[in-house]
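Have a look at the structure below before the remarks.
Derivation of every value follows stated rules applied to the coordinates shown; laboratory data play no part. Every value quoted in this text rests on a predicted model; they were computed, and no experiment measured them. Because the Cβ atoms are built from the backbone with ideal geometry, glycine has one as well, and the counts that use them run over all protein chains shown.
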Amino acid sequence: MHSRAMSDTAANRTIDRKHSHVEICLHGDVAFSGKSAGFERFSFEHNALPELSFSCIDLSTTFLGRSVGAPLMISSMTGGYSEAADLNRRLAMAAQRFGIPLGVGSMRQALENSAYRESFSIVRKFAPGVQIFANIGAPEIARGLTPADIATMLELIEGDGLIVHLNAAQELFQPEGNTDFRRVLDQLATICASISVPVIAKEVGSGISATAARRLIEAGVKVIDVAGAGGTSWQKVEEIRYTREFGSETRFSTPALEELLDWGIPTAQCLQDIRALKSEHPAMSGIEIIASGGIHSGAEIAKSLALGARIAASAGALLRALHEGRLEETIEIWLNDLRAVMFLTGAATIAELREKSLIVKS
Ligand SMILES: Cc1cc2nc3c(=O)[nH]c(=O)nc-3n(C[C@H](O)[C@H](O)[C@H](O)COP(=O)(O)O)c2cc1C
């Protein structure tokens, strides 16, 4: 009886947390204060002779061996409470329309009980033709997932892969955070060896260094989503939740707090470092990279690809667009930005864009 009550409390807390994350990301100040994703440091060389017609530019590419309509993904966000079904339905409709991959939010709630499983499974109904990825956090991985847990997550959405989010900074700031990150890599290696779909490792806004990427790849991860610093700061999201719960009670000294709230490797830096890692180790050439963390335009998608990413991904900016009823229009505009950059660099295809070199601004 006692343990049932405890687990109900934990499950309710998961539901409340997922709900408040969306609300805080929409209405709170959650952007990095003193750090950008780093794309402004780069520009493309103008090509006065593009030798192509704008109308013939082809945005299609492949991701994990499947054809996608454009090099963009809707990042993992939500699920696990009643209103999440509507958000996921609308995200799925956009993914289906543009033929782009989609991640669902952490499926921890769906493993705790079956109350809101429809809020996840709805994505497959509305996006039958695109890649959809399951999602679970490092703390759950460290505790150990059973084969049945993994099967539940993948079956709910007919998942094309499993995303594991590495969110140490978020858990550190989260009022109920789990900061035991021992055994994450071991458990991840076990999962990679035992499941038939690819495992994607992603951060949530603090970035993945070349050193961490190398260890993840050696553990069997097939895709690295850098989710670098410069977009949504999950330390800030959780600091807002902490302040709501505990008032101004302080955990860190003021200068350290400032540094920790902005903690992380900018997205563009992660991409440069992981591209260098891949070129030093030809055996890693098949590993695909997702550029995310502070993606706000098609020009940044273009720079991401020239910095070595297979595709780019966005969460916070697309969530705000969805809230304003402009999700599909926003994606449309980003893809038009991308076409514009391709036209002006003389890249008719995404493969050609990836070969363009960037000028580093001094
Ligand atoms: C409302 C919201 C909820 C999120 N929930 C998850 C999640 O459950 N699992 C996950 O891996 N990432 C989650 N993220 C993180 C994003 O996938 C992304 O890595 C991060 O926000 C950085 O990208 P951005 O700067 O484009 O927002 C969430 C993001 C948002 C905005």
Practice task
Averaged over every viewing direction, what's the projected area of the C-alpha convex hull for the chain? Give it in nm², one decimal, please.
Solution key: 18.6 nm²
Problem - DSSP-defined beta bridges in the stretch 2-360 - what % are antiparallel, rounded to 5 - result: 20 percent
Fill in the blank from the handout: The rounded separation in angstrom of the Cα centers of the stretch 269-288 and the stretch 56-117 is 26 Å
Handout entry: Label-point gap, in nm, between Val197 and Ser285 - each point 7 angstrom along Cα→Cβ
Key = 2.9 nm
Problem - Residues Val360, Val104 arranged by fewest to most Cβ contacts within 10 Å - result: Val360, Val104
Problem - Residue-averaged [θ]222 nm for the chain, counting only DSSP H segments that reach four residues, each worth -39500 (n - 2.57) - result: -14500 deg cm²/dmol
Handout entry: Sequence-separation-based contact order of the stretch 1-80, relative, with Cα cut under 8 Å and 6+ spacing, percent
Key = 26 percent
Exercise for the section: Please give the net charge around Ala347, taking every other residue with its beta carbon less than 9 angstrom from that of Ala347, where Lys and Arg add +1 and Asp and Glu add -1. Expected result: 0
Handout entry: Listed residue pairs exceeding 27 Å between alpha carbons, taken from Lys35/Lys202; Lys236/Lys278; Lys18/Lys236; Lys125/Lys202; Lys125/Lys356; Lys222/Lys303
Key = Lys236/Lys278; Lys125/Lys356
Handout entry: For peptides 215-228, 282-295, 317-330, sequence by mean Cβ density within 10 Å, most packed first
Key = 215-228, 282-295, 317-330
